[in-house]
Amino acid sequence: MQKQSLFKSKIIDFSSNKDLRFSYKFHNKVAVFLKNFLVNQTTKKIKNFTCEPIILGKGIKPKEYDDEGEYFYFSMADIKQWKFNPEDCRRVNETFYLKNINKTVQLNDILLARSGEGTIGKVALIDNDEWKGVFADFVMRIRLKGYNPLLAYFYFQSDLFQYLVYTHKKGLGNNTNIFPSQIQDFPILDLCVEKQEMIIHEIKTQLEEQAEIQEKINMKKAEIIHIIEIESFDSETEIIN
């Protein structure tokens, strides 16, 4: 066995862990560097900014869906694009909603997918107060206090946070999971309100610039496709003639 594949841990390293982790992804140099980097940046954890414990949602039986219902049923599929997609979201009725009132969402909640390769760790921000409903058992709800939910939403999408999810998730193949007890202990920067607002402004400005660039790219693509279609039509006309 090559030396770089061997990992050593001290007894004290396990004292703050809920379980023993022996996988490469948990002990590789990138994971160690990330842990040390974040520890040097902050002493705060996500649970220090939650107004209530992070929880998983409610499972549902096929017969409990109601396509005419007034409330959404937020599943992992509905947040896999890093935002909530109300178009294809299944619905439930008021009876199901009220029966699971402790598993509902409100404005500024963050939903995080807790399972499945390609989806695990993805998040959506509830930024519309008309989006009311119950979130699924494979989704966890993060409800913050004293922390701008938009900044947290951006942070949860970052490579830093996503690599934390990668190193801490459990299971094999597509059956990987991460749990509220793990997410709540992830580090998060402790910033004053003014600093939070400044960072949000900078991120939004860059996103707007990227959107403008993407729009120009889309317009140029459309022009190219139009030219190709015209040239193809002219060529077919010449052949016919």
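The values are calculated or read from the model by the stated rules, or taken from the named source; none is laboratory data. Keep in mind that this is a model prediction, so the values were computed, not measured. Counting neighbours? That spans all protein chains shown, and the Cβs are built from the backbone with ideal geometry, glycine included.
What the table below lists for this structure:
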{"quantity": "Any hit, the stretch 115-123, residues being modelled with pLDDT of 95 or more, within 17 Å of the chain's Cα centre (by Cα) and in a strand (DSSP E or B)", "calculated": "yes"}
{"quantity": "Pick from the stretch 170-200, criterion among the polar types (S, T, N, Q) and in a helix (DSSP H, G or I), ranking: surrounded by the fewest Cβ atoms within 10 Å (Cβ to Cβ)", "calculated": "SER181"}
{"quantity": "Filter result for VAL92 (under 20 Å from THR50 (Cα atoms), at pLDDT 95 or above and crowded, with 22+ Cβ neighbours inside 10 Å)", "calculated": "no"}
{"quantity": "Output for the stretch 147-187, where each listed residue is in contact with a Ser or Thr (Cβ under 9 Å, 6 or more places away or on another chain) and polar (S, T, N, Q)", "calculated": "THR167, ASN174, ASN175, THR176, ASN177, GLN184"}
{"quantity": "Condition check for VAL193: of a type in the set (Val, Ile, Thr) and over 30 Å from ASP66 (Cα atoms)", "calculated": "yes"}
{"quantity": "Criterion (assigned to a loop (DSSP other than H, G, I, E, B) and not assigned by TED's automatic domain parsing to the domain that holds GLN206) met by exactly one of GLN162, GLN106", "calculated": "GLN106"}
{"quantity": "In the stretch 96-131, the residues that are out of contact with any strand residue (DSSP E or B) (no Cβ under 8 Å at 6 or more places or on another chain) and surrounded by 12 or more Cβ atoms within 10 Å (Cβ to Cβ)", "calculated": "LYS99, LEU107, ASP127"}
{"quantity": "The stretch 162-175: number of residues that are over 14 Å from MET140 (Cβ atoms) and either within 15 Å of the chain's Cα centre (by Cα) or not polar (S, T, N, Q) (or both)", "calculated": "8"}
{"quantity": "Every residue from the stretch 53-74 that is part of a loop (DSSP other than H, G, I, E, B), in contact (Cβ under 8 Å) with a residue 24 or more places away in the chain and within 19 Å of ASN102 (Cβ to Cβ)", "calculated": "PRO53, ILE54, GLY57, LYS58, GLY59, ILE60, GLY69, GLU70"}
{"quantity": "Conditions (1) closer than 15 Å to PHE49 by Cα; (2) touching a helix residue (DSSP H, G or I) at 6+ places or on another chain (Cβ under 9 Å): number failed by GLU197", "calculated": "(1)"}
